[in-house]
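Accompanying notes for the structure given below.
Just so you know, all these numbers are worked out from the coordinates, no wet-lab data involved. Note that this is a predicted model, so its numbers are computed, not measured. FYI the Cβ positions are ideal-geometry reconstructions off the backbone, even for glycines, and counts take in every protein chain you see.
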Amino acid sequence: MNSISGATARTVHQIARPHGFPAPDDFAFVESAVPEPAPGTALVENLYWSVDPYHREMMDGEFALNAPLEGRTIGRVTASRTPEIAEGEIVFHRQGWRTHAVVTPEEAQRLPRFDGVPLSAYMSILGGTGLTAYVGLTRIAKLREGEDLFVSAAAGGVGTATGRLARVMGAGRIVGSAGSPAKVAYLTEQVGYDAAFDYHAGPAVDLLAKAAPDGVDVYVDNVGGEQLEAAIEGLREFGRIVRIGTVAQYNALEPLSAPRNLTEIVEKSLRMEGFHVRNHRHLQDELYDFVVPHLQSGRIGLDETIVDGFDHIVTAFLGMLRGENVGKMIVRATPA
């Protein structure tokens with residue numbers, strides 16, 4: 001493709017497989033000319049990028065080396081050679097980490113605009129993060145009004161979304177775990193958790209028993225390991241475990257020792273089920289219908305950590321893996 005006015009595009013390539021925790025040297029910024037769209041495509045200048053825990057899993061083999069990383073992205077159409085995508089439209093696509101992307105109509109999703117709802121919400125509560133929480137609660141756990149739940153990594157993107165959605169769905173006691181006293185305070189003071197604990201403060205089984213002495217009905221698992229073991233111990237009979245992620249082992253060099261109490265799944269008639277949100281994208285409009293009125297009324301707030309500048313996308317990703325964010329970690333193009 002030819003370049004547009006000699007402008008420069010930037011992409012992030014993965015250039016090495018990490019051994020344990022990823023390092024900045026595993027990535028490279030690559031410059032090229034901004035491409036012109038071919039017939040049937042459109043050029044998008046990206047405005048927001050999502051950095052997510054699942055990227056870490058894909059770095060071990062699913063991402064090709066020396067090629068741009070994929071990811072959820074929102075951008076503005078700056079040139080179009082298809083009647084199906086108009087110039088100036090705001091679209092969602094999955095071709096970030098790059099400043100510019102050429103997309104087909106099948107690859108680009110027009111975003112509906114709702115009064116009072118910022119674009120960043122489509123990266124957090126209205127995006128894959130919120131849809132993951134919504135599917136986990138409504139389709140996997142089938143949360144019923146008054147039921148109590150425990151959420152690990154509760155101060156992250158999915159964890160904060162889960163807490164907020166569960167609260168408006170009529171959940172009973174909501175307990176979360178997080179990685180610092182500041183995050184614990186945020187969960188109880190801002191998100192609506194009834195109790196939370198810093199998982200560094202002692203054995204997870206003891207911390208959960210103190211926060212939920214009567215047990216819980218549902219565990220939303222973003223971590224695995226010791227916290228999954230604690231949840232199995234704390235779940236009531238016929239409890240449900242929703243497996244979303246296993247952050248505890250993404251960078252581990254050895255297999256996790258926990259959970260060691262899987263026999264209780266049988267003894268207590270527990271159900272454990274995982275899912276991929278990509279298999280539930282048909283529920284996107286249902287998510288909008290449920291969440292948008294609560295966003296507009298202020299009953300649901302946004303939990304976002306926004307990092308300005310595409311140059312900082314790798315730093316934001318590594319920071320997210322270290323737990324430096326509260327809510328969804330989002331990278332935003334630096335305003336001109």
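Here are a few things to note about the model shown:
- Karplus (6.51, -1.76, 1.60) ³J(HN,Hα), θ = phi - 60°, over segment 280-291, in Hz, Gly and Pro reported as x: 10, 5, 5, 8, 4, 5, 5, 4, 4, 4, 7, 7
- Going from the fewest other Cβ atoms within 10 Å to the most, the residues Met169, Met272, Met320 appear in the order Met169, Met272, Met320.
- Judged by the gyration tensor of its Cα atoms, with axes a ≥ b ≥ c, the chain is prolate; a/c meets the 1.5 cut and a/b is the larger of a/b and b/c.
- Amide H contacts under 5 Å for His100, placed H, 5+ residues apart: Arg10, Asn46
- Long-range Cα-Cα pairs in segment 85-125 (distance over 13 Å), rounded percent: 59
- For a label point 7 Å along the Cα-to-beta-carbon line of Tyr54, residues of segment 251-293 with backbone N under 17 Å: 273-285, 287
- Sorting Lys183, Lys328, Lys268, Lys210 by the number of Cβ atoms found within 10 Å of their own Cβ, with the fewest placed first, yields Lys210, Lys268, Lys183, Lys328.
- Length-normalised contact order of the chain in % [C-alpha pairs under 8 Å, at least 6 apart]: 17
- Pairwise centroid distance, computed over Cα atoms, of segment 82-136 with segment 273-302, Å: 14
- Relative contact order (%) - criterion: Cα under 8 Å, at least six apart; region: segment 140-277: 22
- Cα-based Rg and Dmax for segment 109-154, where Dmax is the largest Cα-Cα distance (Å): 13.4, 37
- Furthest towards positive pole of dipole, Ala201, Gly245, Leu262, structure part segment 169-291, Cβ charges: Gly245
- Helical contribution to [θ] at 222 nm, DSSP H n ≥ 4, -39,500 (n - 2.57), averaged over the chain, rounded to 500: -6500 deg cm²/dmol
- Ala64/Asp308 FRET efficiency (R0 22 Å; Cβ-Cβ; nearest 0.05): 0.15
- Full-extension gain in nm, Phe238 to Glu267, via 0.36 nm per residue minus C-alpha separation: 9.5 nm
- Amide H contacts for Phe27 (H built 1.01 Å from N in the peptide plane; partners 5 or more residues away or on another chain; cut-off under 5 Å): Ile15.
- Under the Karplus curve 6.51 cos²θ - 1.76 cosθ + 1.60, θ = phi - 60°, whole-Hz ³J(HN,Hα) for segment 166-178, x wherever Gly or Pro sits: 4, 5, 6, 7, x, 4, x, 7, 10, 10, x, 10, 8
- Projected-area average for segment 1-99 over all orientations - Cα convex hull basis, square nanometres: 6.7
- Rounded to the nearest 20 debye, the dipole size of the chain about its Cα centre is 360 debye, using +1 on the Cβ of Lys and Arg and -1 on the Cβ of Asp and Glu.
- Order of His100, His200 under a 10 Å beta carbon neighbour criterion, fewest first: His200, His100
- Rg over Rh for segment 140-277 works out to 0.93, using Cα positions for both radii and the Kirkwood form for Rh.
- Relative contact order, percent, segment 177-236 [alpha-carbon distance under 8 Å, six or more residues apart]: 29
- Leading residue at positive end of dipole, the chain (Cβ point charges), from Gln284, Tyr54, Ile125: Gln284
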